[in-house]
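Q: Here it is, the structure in full.
The values are calculated or read from the model by the stated rules, or taken from the named source; none is laboratory data. These numbers were taken from a predicted model, which means no experiment stands behind them. Note that we place each Cβ from the backbone using ideal geometry, even for glycine, and neighbour counts take in every protein chain shown.
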Amino acid sequence: MVLRGLLRRASGRVARSRALARRLFGIDFPPRDDSGARYFDLTTPVLVSLVAPRLRPGTRLLDMGTGAFATIGLALWRRTGCDVVATDVRPELVRKAQANVDANHAPIRVVEARFYDGVEGEFDCVTFNAPYVPSSFLSRSDPQSDGGPEGTIIIEGFLDAFAAKGGRATAYLGVNRLFVPREKVELLIGRRAGLGLIDVRRRWPWPVDVYVLTRTVRT
């Protein structure tokens, strides 16, 4: 528990560095305001580095939970030329994300949505940097990180939504294993009919698991 608390504080400081965010992702970011929003977290660079080689111009990407800066969607568009729709459930984050998309002159649409609700069209790829921090680790309200008592509430909601959605997309779910271990996530995946776990990928030195998911029943 002490290690996880120290890691969260240290990573929070790193994730608020505008210069580092620019270097990691190759996109522009505005100066941070006083909202406490982070440019990225530990799962972000892992998701971007693992997903980018699987995209190309014209690939349809849905980036769920894009946050205040649409970091994953922008970084993957910049690297691959893919077609991106980014979503977030909080309207203030949607506004900020769209502003950053516009500042980077990117053809990305940012939509207020929870999972697939209100999102039109079919996608080849879905990325989701899930809130995975158990509530007890948060000293104040932080909806971008709060994963509920066990750190799994939003993950479970995503798995249910992805299993229910028709189509042929491959999903990449990023989770910090120091907060939600692999065996717990794999158990949640195994309980859901229609989901197939293709692989669990890691990138040293990040303590991140990326779960590569597909639907076993396609429509």
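Q: Taking the options THR127, THR44, THR87, name whichever one is modelled with pLDDT of 90 or more, under 14 Å from GLY26 (Cα atoms) and buried (at least 22 other Cβ atoms within 10 Å of the Cβ).
A: Exactly one residue qualifies, and that residue is THR44.
Q: Checking the conditions here, which among LEU187, LEU173 is hydrophobic (A, V, I, L, M, F, W, C), at pLDDT 90 or above and outside any helix (DSSP H, G or I)?
A: Answer to the selection: LEU173.
Q: Using beta carbons and a limit of 6 Å, which pairs, at least six apart or on different chains, have the first residue in the range 186-211 and over 17 Å from ALA130 (Cα atoms) and the second one surrounded by fewer than 16 Cβ atoms within 10 Å (Cβ to Cβ)?
A: GLY194/THR216; GLY194/VAL217; GLY196/THR214; GLY196/THR216; ILE198/THR214
Listed here are the residues, each with its yes/no results for (1) exposed (fewer than 14 other Cβ atoms within 10 Å of the Cβ); (2) out of contact with any strand residue (DSSP E or B) (no Cβ under 6 Å at 6 or more places or on another chain); (3) hydrophobic (A, V, I, L, M, F, W, C).
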site	(1), (2), (3)
ARG168	yes, yes, no
VAL175	no, no, yes
GLU183	yes, yes, no
GLU186	no, yes, no
GLY190	yes, yes, no
ASP199	yes, no, no
PRO205	yes, yes, no
LEU213	no, no, yes
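Q: Return the only residue of THR59, THR71 being surrounded by fewer than 18 Cβ atoms within 10 Å (Cβ to Cβ), hydroxyl-bearing (Ser, Thr, Tyr) and in contact with a helix residue (DSSP H, G or I) (Cβ under 8 Å, 6 or more places away or on another chain).
A: The match here is THR59.
Q: Output the number of the condition that ARG95 fails; it satisfies all remaining conditions of (1) touching a Lys or Arg at 6+ places or on another chain (Cβ under 8 Å); (2) at pLDDT 90 or above.
A: (1) is the only condition that ARG95 fails.
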